[in-house]
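The values are calculated or read from the model by the stated rules, or taken from the named source; none is laboratory data. For clarity, every value in this text was computed on a predicted model and none was experimentally measured. Here Cβ is always computed from backbone atoms with ideal geometry, including for glycine, and neighbour counts include all displayed protein chains.
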Amino acid sequence: MWMAFPGPEAFALSSLGFLWMFKSLDEAEDINIEAIYQDTLSTLIQPNCVNMIGFSFSFDMDFFTIFSILDKYKIPLKVSKRDKNSPLIFAGGPVITANPMPYVDFFDFFIIGDGEDLNLEVARLVKANMSKSKLEILTLLSEIDGVYVPSVNKNKPVKKITKALSECIYTPIISENSFFKNTFILEVERGCANRCGFCLASYLNLPVRFVSYGDIISTLELGLKYTNSIALLGAQITAHPRFKDICNYIFEKIKDGKKIKMSISSMRVDAFCPEVVRTLVAAGQKNTTLAIEAGSERLRRVINKNLTEEQIFNAISIARENGLKGFKFYGMIGLPTETYEDLAEMVTLAKRIKNKYKGFDISFGFSSFVPKPNTPFQWFGREDTKSLEKKVLFLKKELHKLGIKSQFSSVKWDYYQAVLSRGDEKLGGFILDAYKNGSSLGALKNSAKKNLIDTDYYALENYSYDKTLPWNFIEIKPGKEFLVAESKRLLDASNQKIGV
């Protein structure tokens with residue numbers, strides 16, 4: 001078996017999810033597994049001996065690299081072109097769990113949800129039935145909760161698997177070759193209770209689950225046997241009921257002479273406290289990231305990011321008083337109901353911060369809104385590209401006047417991300433031609449024309465709440481009724497309607 005990562009080895013070695021999936025299979029004595037990457041030059045298991053290949057699929061554009069890996073080993077890209085001797089090709093990850101439909105032509109089956117235990121169950125079932133035909137094996141796989149087999153259970157509901165965090169997941173391989181060199185990553189919690197209206201990571205991982213304090217500390221000690229560089233991971237890490245205690249534990253070790261470098265994933269503004277900041281500073285961190293998403297309190301209410309300007313300033317004060325040198329703020333443009341007044345308030349906020357906290361380094365990073373399945377904003381289309389590019393120019397110009405650095409994701413690439421995000425099985429020919437013709441923006445545009453795909457329908461159109469969406473067959477809690485109610489509640493906060 002191969003476990004494949006659609007990116008270079010350095011990124012794979014920094015991907016906690018990929019590494020843990022590999023570890024769970026590698027520890028099984030009856031499974032011979034090898035990790036391969038985009039830049040793998042040679043393999044220990046010869047391609048003609050591989051029975052299964054599992055792909056990690058975390059970002060919409062990963063399909064380009066997945067196709068290139070299959071091509072490299074001369075494996076036909078489409079399921080219909082493979083024979084009985086071809087390995088079973090499957091995929092899992094957030095993109096697949098949210099909506100696998102654009103990719104049904106290319107994978108024999110999909111893992112829907114948390115795959116730590118499911119991958120092992122799947123591999124053992126395949127191994128036990130190697131004498132059977134592919135169709136017989138796929139039929140057996142389709143009976144497992146969390147496995148979607150397009151050729152067998154096309155119209156059958158599939159339950160998303162949610163794993164209890166009975167253990168602390170950690171980096172099983174510490175490497176100098178990793179993008180985060182020699183860093184031990186451990187997962188403190190999974191999911192986010194704040195439920196921003198656009199956030200796939202939040203809704204895909206409900207309910208929020210916390211690793212016990214004791215497991216975190218024992219896992220931390222395991223990592224510190226091998227490296228002094230650690231990273232704590234979680235979508236809402238500071239919501240852990242004992243996060244201050246975790247920070248104090250690390251701080252005391254540093255105070256006692258243990259050299260520790262520590263980083264954490266993006267923090268919430270309203271979770272800032274001296275205990276956390278002093279630990280970050282003692283562990284060598286000079287800057288951190290804060291996601292505020294929108295400049296106006298009105299728009300933050302719409303997206304369920306209930307932060308006040310007072311809380312933002314309070315976080316900066318705590319950070320500065322306890323030794324941090326700067327913040328990078330993350331924002332999003334093109335959110336539902338957004339106006340230029342909201343953008344202007346982002347600029348005004350930046351100006352107030354710069355004037356009040358002279359010498360404190362601030363910068364901004366922006367992406368554009370992409371509607372994601374299984375979120376309250378899944379029914380809302382994007383603004384058109386020209387409109388969003390004007391907003392980018394406005395923010396870039398105004399922040400430049402203030403001497404503040406800003407970075408923006410590509411609005412054009414985000415557009416095609418939205419196409420794939422809300423796509424269906426009709427997109428198979430479109431993505432295949434785009435790959436074959438260069439995996440570029442131009443290739444995507446030309447492929448859409450060739451395959452008669454109305455990309456605006458997927459990316460820009462507002463959908464009605466009663467529309468049957470391609471991913472509706474996936475059973476994800478809290479379910480459609482809750483998402484509709486939440487969507488309407490958030491829109492009511494804006495006093496605006498956008499036609500859904």
Checklist entry - Of these, A434, A443, which one is outside any loop (DSSP other than H, G, I, E, B), in the same structural domain as V347 (by TED's automatic domain parsing), of a type in the set (G, A, S) and surrounded by 20 or more Cβ atoms within 10 Å (Cβ to Cβ)? => result A434
Checklist outcome for this item: Within the stretch 212-228, the residues that are surrounded by 22 or more Cβ atoms within 10 Å (Cβ to Cβ) and either β-branched (V, I, T) or modelled with pLDDT under 95 (or both) are I216
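Rundown of residues vs (1) surrounded by fewer than 18 Cβ atoms within 10 Å (Cβ to Cβ); (2) touching a Leu at 6+ places or on another chain (Cβ under 7 Å), yes/no style:
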{"site": "C49", "(1), (2)": "yes, no"}
{"site": "F55", "(1), (2)": "no, no"}
{"site": "D60", "(1), (2)": "no, yes"}
{"site": "F63", "(1), (2)": "no, no"}
{"site": "I69", "(1), (2)": "no, no"}
{"site": "V79", "(1), (2)": "no, no"}
{"site": "D83", "(1), (2)": "yes, no"}
Next on the checklist: Tell me whether the stretch 436-446 contains one or more residues that are of a type in the set (K, R) and out of contact with any Phe, Trp or Tyr (no Cβ under 9 Å at 6 or more places or on another chain).
Outcome noted: no
Item to check | Leading residue by the ranking (farthest from L490 (Cα to Cα)) among those in the stretch 176-194 that are in contact (Cβ under 8 Å) with a residue 40 or more places away in the chain and surrounded by fewer than 20 Cβ atoms within 10 Å (Cβ to Cβ) | outcome: N177
Item to check | Scope the stretch 360-384; condition surrounded by fewer than 17 Cβ atoms within 10 Å (Cβ to Cβ) and within 23 Å of the chain's Cα centre (by Cα); matching residues | outcome: S363, G365
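Let's see how each residue does on (1) in contact with a helix residue (DSSP H, G or I) (Cβ under 6 Å, 6 or more places away or on another chain); (2) aromatic (F, W, Y); (3) at pLDDT 95 or above; (4) buried (at least 21 other Cβ atoms within 10 Å of the Cβ):
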{"site": "I89", "(1), (2), (3), (4)": "no, no, yes, yes"}
{"site": "P100", "(1), (2), (3), (4)": "no, no, yes, yes"}
{"site": "Y103", "(1), (2), (3), (4)": "no, yes, yes, yes"}
{"site": "F106", "(1), (2), (3), (4)": "no, yes, yes, yes"}
{"site": "E116", "(1), (2), (3), (4)": "yes, no, no, no"}
{"site": "L141", "(1), (2), (3), (4)": "no, no, yes, yes"}
Item to check | Check on G295, crowded, with 19+ Cβ neighbours inside 10 Å, closer than 24 Å to D342 by Cα and of a type outside the set (D, E, K, R) | outcome: yes
Next on the checklist: Looking only at the stretch 268-286, filter to residues that are closer than 13 Å to N314 by Cβ and surrounded by 18 or more Cβ atoms within 10 Å (Cβ to Cβ); which one of those is farthest from the chain's Cα centre (by Cα)?
Outcome noted: V277
Next on the checklist: Contact list please: Cβ distance under 8 Å, first residue in the stretch 216-235 and under 16 Å from T288 (Cβ atoms) and β-branched (V, I, T), second residue assigned to a loop (DSSP other than H, G, I, E, B) and at pLDDT below 95, pairs at least six apart or on different chains.
Outcome noted: I230/I260
Checklist entry - Just wondering, is there one or more residues in the stretch 150-158 that are surrounded by 18 or more Cβ atoms within 10 Å (Cβ to Cβ), in contact (Cβ under 8 Å) with a residue 24 or more places away in the chain and more than 25 Å from the chain's Cα centre (by Cα)? => result no
